[in-house]
Every structure is written in C-alpha cells, then in structure tokens.
Amino acid sequence: MRATRKLKALFIIDESPKYGENLDRVTCIEYDKERKECLRSLQYDDTRYNKISDEHHGSLEWLWRHPQYLQWSGSATSSLLYIEGKPGSGKSTLAKYLVKNLVKVPNASSSTVAHYFYTFRGTRLESTHENMLRSILHSILEQDESAFFYFQQEFRNFHRRRHPEWPYESLKMVLSLFVNHPSTKPLFLFLDAMDESKEDDRHSIIELICKLCSDENPSNIKIFLTSRPVAELKYCIRERHHVIIMQDQNMGDISRFADDFLNSGLRLSGNILQDATDYITKNSQGVFAWVSLVKYELLTHVERDLPDSEILKCLKGLPKMLEDIYNFMFDRLERGYPPDIQDGIKLFRFVLFALRPLTVLELGEALVLPDDNNTSHEDFQHNKTRTIVMRIVHCGGNFLEINADGTVQFMHPTAREFLIRTIPCSLNFSFQINEKAHGVITSTWVRYLMLCFTSPRMRDNFAEIKNWSPRDFRNYAEYMNEWPLIEYILSYIKDHHDLC
C-alpha cells in the first residue's frame, strides 16, 4: 500500500478579487472580521457635536495658559479635568473648541481620542449612558485594533447568546478594563454636558470615570468632562482632580463678543460703545446665553434707526437674569396675534416632543396641517406656500434656532427647561406637557397620511394599478419623497402612539 501524504498550507494574501475563483473550496479566515463585526454592533446616535456653536474669534485662548489645564495635559498619569459652569456659560463650546484643537494638546494628536456630547435636544438615545458608551467604545476600537483584546470576551458572550444588542453592563465592563491599558498608548476621552444625561445610573457612570482617571492605574487616560453643578459630581470630585469654573474665566470672551456685535451689528461707537460693552459684561454673570439673547433683542431695533443713546437705554431696560429675559420673550409671545400664538404652540409642541430633531421642511409640513379632518388637499398645498423660516423666527420668539444642517432646536437647554415649566401655567399659550402631547402629535401624523394617500395624484396614478411594474414602484417612491414628513412618520408614529 502506498502511503497517502497530506499537505497543509497557510496562505496570507490580500483581498484582491483575482484570487476568488481559485479559493472557492478553501477554508478562509477573513482578517479582522470579528473586530469589524464588533464595530457594527456598536452603532450609536450622535447629532449634537455639529450643532454646537463655534467659539467667537479670539475666545477661549485662556485655556492654554490655565494652571489646571497645564497640570492635566502635562501629567504622565491618568487625570480628570472637570469644567463646571452655570447654564449657558459656554461649556459645550469649550469642549468642541478643545476637540478641534487637539494638535495643541500634548500627545493627543498621536493618541486614541473619543468624544461624546450628551443632549436631550437630539434623538431619544443621546441623553442615555448606553449610547455614550457605544459611541466612546466604537471610536476607541475603530482607531486602535489592538484594543479589541478588551472587547473580545464580552462580545463573544453576548454574540453567542444571540442578543440583538450589547447588554448595558457589558458596555460598562469593557470600558472599565481600560484601566489596564498600556501607558504608552494614551487615551483621551471628552464628555460634555453630564447634566443633560439620564439620571438613571449617572452616579455609577461618574464613579467609572473617576476610576479610569485614578493616578494609581498603569494606564494614561485623560478625561475632559463638562457639566452644570450636579450632586453626583460634587460627591465624586476630589482634590486630586483638576477643576475650572467656567464663569470665572469667560468675562474677557464675553466682553470681546459684546464689543463685536455692538460695533459691527449696531454700529455703536465711542463712549456709548464702551458703556454698553461694560454694562453687558458686568451683568452677564458669565452667562453667554443671556448675552446672545440681549444681542437678538437689540438687533430688532436696527431697522428703527434709533440713535445710539436710545439703544443704550433699550439695553438697560432688558432683564438682567436669564430666567427674566425668557419671561420677557414669552410675555411678548402671549400678547401676539391669535394665529401666531397657534403656530407658536404647534412649533413648541413638535420641537419639544419629536423623537428626533425635525428639519425646517418637516416642521413646515406640520405647521400648515390643520387641526381638523375637513381640509382639502388643495387647501393644504396652498398653505404650504408660506415662508416657514419666517414663521419659525416670528412665532418661536427667539426660543428656537435653525442649525446648519436644517434642523430646528431650542436655542439652549435652559430655554427648553423654561418652556416646560411655563407653558402649563400660561393663559394663551398653554398646551399639555405630558403624554397627551404625543396623542395630539399622533393624530396630526394620521391626518398627514390621509392627505398623502387620498390625494388626486395618488388616486389618478396609482389606485387602479393591478400589477405593479418596476417603473410603477419608482414613480410611487418619487411621489412619496415629495412628502417631507413621510420618513419621520413611518419611523416614529408607533412610538408616539405608545407614549400617549
């Protein structure tokens, strides 16, 4: 008998298609396949970063000279830099500024960098710690292949059990393992607006952050964290952590910002320009949001061509507290023309309770949709000719702003919080700030679908089709795309209904 010899070979080749037909019956191992699958399992929502205002020219330069920043960035061990500030003091703008200027941070440009900006003005997930963990871990694993070592066991465990999503505790476990990450591979984490995160498990997340930053760890993890004062942070922040109080540092930035818009926007000059700049800086109390609202209020006087002394008088007549200026703006809305009030109610309801930020086009469709079922398709199309941007500005009363991506949001989280407190007590502007709002929205979406599916074009072009051709499907898809709210409604109408 002749002995049969077997040959085993290992080939390492690139992914070129020219090898494909020769390898059909060969067992293949795709390089990095498991890590890529893990990355796909860590999908997350992140809309906040691009909506944060950029710094005013020349602002925030003080950061690079601040002793607390220098100690944090220059340390060879893990450390935490905590930026605490009043609402509207510019914490998120500072966080974005630092992320954009990483080249100025020692070792950051050659390190693994991840950032997350909590917000309750985005999608439902963006204020959750689970979404934060998915985002941070995805960024780390995407940049550093070797970091898969920390993910591997937990990923295989939940994958083997066929769970559709990562268990929350597994995400926390993976991040906690980075305390053993080699110090030769620094890791920079930027977390903004912890106060906008869900209170559920916030304390545990902050404890995890502090654990990662312990100078006793063999790793080198730098965490930059911003927040309003919250109890959990007061409890966990220790003397060894580095702390900067935002409103103690930003007076110079506020002065430059005020001088710029008073000079270029309102054309003030001389002693009145100096008096107005000093007045705004002194009364701002470090709150940029108040200064921005003062700017919008003063700019409304430009077309009236008032003398400089009258503009200064108008400035000094404005409320000096953020809450008071919100009341000033809201009182003006309440005294408005009834149709403006009704549109304002609709705008605030949709911006408050939409399950993701709506675009100007989507809001425009919702705004012209009547509150009854008797409006014809022709009337609906006729009402759409109104300029929606002007209606948002006029009926939103400076509470709303339009982002560069076309979505509409409140000008600041404090504006949203003010309206949630104020609207239920209003005489003219009142509507339900509870689950009933989702019921109203659900009814609105049903009326929109009825208009879409009963239009003359739908009836004439699609109702009689028995056997649909590819061209019919294409024409139908094109028709549906002409209704800006369709994508949102089909994605979220069930969620609104369930929240009623």
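Of all beta bridges that DSSP places with both ends in the chain, some 15 percent have antiparallel geometry. Checking the a/c ratio against 1.5 first, then a/b against b/c, what shape does the Cα gyration tensor give for region 256-408? Prolate. Peptide packing for 420-430, 74-84, 364-374, 202-212 was compared via the average number of neighbouring C-beta atoms within 10 Å per residue; ordered from the highest value, the list is 74-84, 202-212, 364-374, 420-430.
Note on Asp331 and Val389: with the Förster distance fixed at 25 Å, the Cβ-Cβ geometry gives a FRET efficiency of about 0.55.
The sum of -39500 (n - 2.57) across all DSSP H runs of n ≥ 4, divided by the residue count of the chain, sets its helix-only mean residue ellipticity at 222 nm to -14500 deg cm²/dmol.
Shape class of region 136-207 from the Cα gyration tensor (axes a ≥ b ≥ c, square roots of the eigenvalues): oblate, since a/c reaches 1.5 or more and a/b does not exceed b/c. Taking packing as the residue-averaged number of other Cβ atoms within 10 angstrom, the listed peptides 327-339, 89-101 run from highest to lowest as 89-101, 327-339.
If R0 is 35 Å, the Cβ-Cβ spacing of Arg65 and Lys320 corresponds to a FRET efficiency of close to 0.70. The packing ranking of peptides 123-134, 295-306, highest mean first, is 123-134, 295-306, where packing means the average number of other beta carbon atoms within 10 angstrom of each residue. Grab the beta carbon distance between Asp201 and Glu417, set R0 = 22 Å, and tell me the FRET efficiency rounded to 0.05. Computed FRET efficiency for Asp201 and Glu417: 0.50. Between region 161-198 and region 207-268, the alpha-carbon centres lie 21 Å apart.
Rolling a 1.4 Å probe over the protein heavy atoms gives the chain an accessible area of 53 Å² per residue. Can you spot the aspartates and glutamates whose alpha carbon is less than 18 Å from Lys36's alpha carbon? Ignore those fewer than 8 places along the same chain. Within reach: Asp14, Glu15, Glu142, Asp144, Glu145, Glu154, Glu165.
Based on the reciprocal of the average 1/r between different C-alpha atoms, the Kirkwood radius for region 42-187 equals 17.2 Å. In the chain, the portion of solvent-accessible area held by carbon and sulfur atoms comes to 51 percent [1.4 Å probe, whole percent, DNA, RNA and ligands not counted]. Once the Cα-Cα distance is subtracted from the 0.36 nm per residue extended length, the Leu299 to Asp405 segment shows a gain of 35.7 nm. Centroid-to-centroid, using Cα positions, region 333-389 and region 433-496 are 17 Å apart. Spin-label model, Ile245/Asn50: points 7 Å from Cα along the beta carbon direction are separated by 3.8 nm. Accessible area ranking (1.4 Å probe, heavy atoms, ligands and nucleic acids excluded), largest first, for Lys36, Lys222: Lys36, Lys222.
Between Val243 and Tyr82, the built amide H atoms are under 5 Å apart, and every one of these is 5 or more places off in sequence or on another chain. Partners of Lys494 within straight-line reach, counting lysines whose Cα lies under 17 Å from its Cα and excluding those fewer than 8 residues away in the same chain: Lys436. Beyond 23 Å in Cα-Cα separation lie the following of the pairs Lys86/Lys282; Lys234/Lys282; Lys198/Lys234: Lys234/Lys282.
The values are calculated or read from the model by the stated rules, or taken from the named source; none is laboratory data. Computed from a predicted structure; not experimentally measured. Cβ atoms come from the backbone with ideal geometry, glycine included; neighbour counts cover every protein chain shown. The accessibility values were calculated without ligands, DNA or RNA, using every heavy atom of the protein model including side chains. Shrake-Rupley method; radii C 1.70, N 1.55, O 1.52, S 1.80 Å.
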